[in-house]
Amino acid sequence: MTKRRIGRSDLHVQPFCFGGNVFGWTANEAMSFRLLDAFVDHGFNFIDTADVYSVWVEGHKGGESETVLGNWFKKSGKRDKVVLATKVGFIKGLKPAYIRQAVEDSLKRLQTDVIDLYQSHKDDPDTAQSETLGVYADLIKEGKVRAIGASNYSAARLKEALDISAKNGIPRYECMQPEYNLMERKVYEGELQDLCVKEELGVIPFFSLASGFLTGKYRSEADLSKSVRGARSAGKYLKTTTGPKVLDALDHVAAAHKATCAQVALAWIMARKGLTAPLASATTPEQLEELLGAVKLSLSPADIAELDAASA
């Protein structure tokens, strides 16, 4: 497998990112340990989480995923085999004082002394970007963070941040996390994609499988009860005219390659210009094995054209 850089930084990652939102939620600690061991043992190294995971679960307060990861690092001794990414600011914004406290909390939960990729989870219009980038520069100088990235930013706000970094000679956002998949293309394609390609930023799309819809397991209202995430998110795609077309195209391409719909959906992302690694989660070793198989799948121009047309 070819390693890819996160933008221009020295972080080299494999072309698949394991999403840690499931750790401590739909995958308990024991299962999470199994998944993480299998992921690394298969030769992959890129794991993404956030300090807010999984605050949406009743009784959780956030930090559960980071805590599970930290416990795994301690038990397995595999911290040096992982490019560790986490995020900050989804709920409380990106003010320097808050980031200062949040990074210490994350480092403690993760049981590590450095975060490889620290990302602004979403834009904070109430805080000057120069202030946010300034505290990130300090954290990098102090050796607590290696590189920084952004998630859920518009092209205009991301460009503003990049310009501030260039003007002031401070570290810049080296990657972008947009929502992007066969069902959600408008957010990334266009200005944001053009900017990321021009500036050579890494791109790590989240919801790569559209909350599981692109696995093909949700084809009727009755199917939504198959999982917690199905009931929460995937159902909206059943009500669109595009959804059934995309599933038909996935079925056709998957049959031709003796692959699964999920593998084809991920391979489509991997084939896009400027994409670093799709971000997806798994809750069983079997699911993980299936997803990792996408790395070996090479789609033809005709396959990609068919999927493009169905999802347009």
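Annotations for the structure displayed:
- Members of region 250-304 that are in contact with a helix residue (DSSP H, G or I) (Cβ under 7 Å, 6 or more places away or on another chain), β-branched (Val, Ile, Thr) and closer than 27 Å to Thr26 by Cα: Thr260, Val264, Thr283
- Selection within region 49-79 - over 17 Å from Gln119 (Cβ atoms), part of a helix (DSSP H, G or I) and either under 15 Å from the mean Cα position of the chain (by Cα) or free of Cβ contacts under 8 Å to residues at least 24 places away in the same chain (or both): none
- Hey, Thr283 in contact with a strand residue (DSSP E or B) (Cβ under 9 Å, 6 or more places away or on another chain) and not in a helix (DSSP H, G or I) or not: yes
- Selection count, region 100-146, where residues are polar (S, T, N, Q) and under 23 Å from Asn45 (Cβ atoms): 5
- Pair list, Cβ < 7 Å and 6+ apart or interchain, from region 119-137 residues that are closer than 24 Å to Leu84 by Cα to residues that are basic (Lys, Arg) and outside any loop (DSSP other than H, G, I, E, B): Gln119/Lys87; His121/Lys87; Asp123/Arg157; Val135/Arg100
- Filter result (more than 23 Å from Gly7 (Cα to Cα) and hydrophobic (A, V, I, L, M, F, W, C)) within region 102-139: Ala102, Leu107, Leu110, Ala128
- Some residue of region 248-266 being within 21 Å of Tyr180 (Cβ to Cβ) and in contact with a Phe, Trp or Tyr (Cβ under 7 Å, 6 or more places away or on another chain): no
- Residue within region 245-257 that is under 20 Å from the mean Cα position of the chain (by Cα), surrounded by 14 or more Cβ atoms within 10 Å (Cβ to Cβ) and farther than 21 Å from Glu189 by Cα present: no
- Only residues that are under 17 Å from Leu214 (Cβ atoms) and either in contact with a Pro (Cβ under 8 Å, 6 or more places away or on another chain) or assigned to a helix (DSSP H, G or I) (or both) were counted in region 292-312, giving 12.
- Members of region 80-101 that are more than 19 Å from the chain's Cα centre (by Cα) and crowded, with 20+ Cβ neighbours inside 10 Å: Leu94, Ile99
- Within region 192-206, the set of residues being surrounded by 21 or more Cβ atoms within 10 Å (Cβ to Cβ) and part of a loop (DSSP other than H, G, I, E, B) comprises Leu201, Ile204, Pro205.
- Here Lys245 passes the criteria (1) without any contact (Cβ under 8 Å) to a residue 40 or more places away in the chain; (2) assigned to a helix (DSSP H, G or I) except the one numbered (1).
- Leu162 vs. criteria assigned to a helix (DSSP H, G or I), touching a Phe, Trp or Tyr at 6+ places or on another chain (Cβ under 9 Å) and closer than 30 Å to Asp138 by Cβ: yes
- Condition broken by Leu182, with the remaining ones in (1) surrounded by 23 or more Cβ atoms within 10 Å (Cβ to Cβ); (2) without any contact (Cβ under 8 Å) to a residue 40 or more places away in the chain satisfied: (2)
- Note on region 175-191: residues that are touching a Phe, Trp or Tyr at 6+ places or on another chain (Cβ under 8 Å) and not in a loop (DSSP other than H, G, I, E, B) amount to 5.
None of the figures in this text is laboratory data; all of them are computed from the coordinates on show. These numbers come from a predicted model, not from an experiment. In this analysis, Cβ positions are derived from the backbone assuming ideal geometry, glycine residues included, and neighbour counts consider all displayed protein chains.
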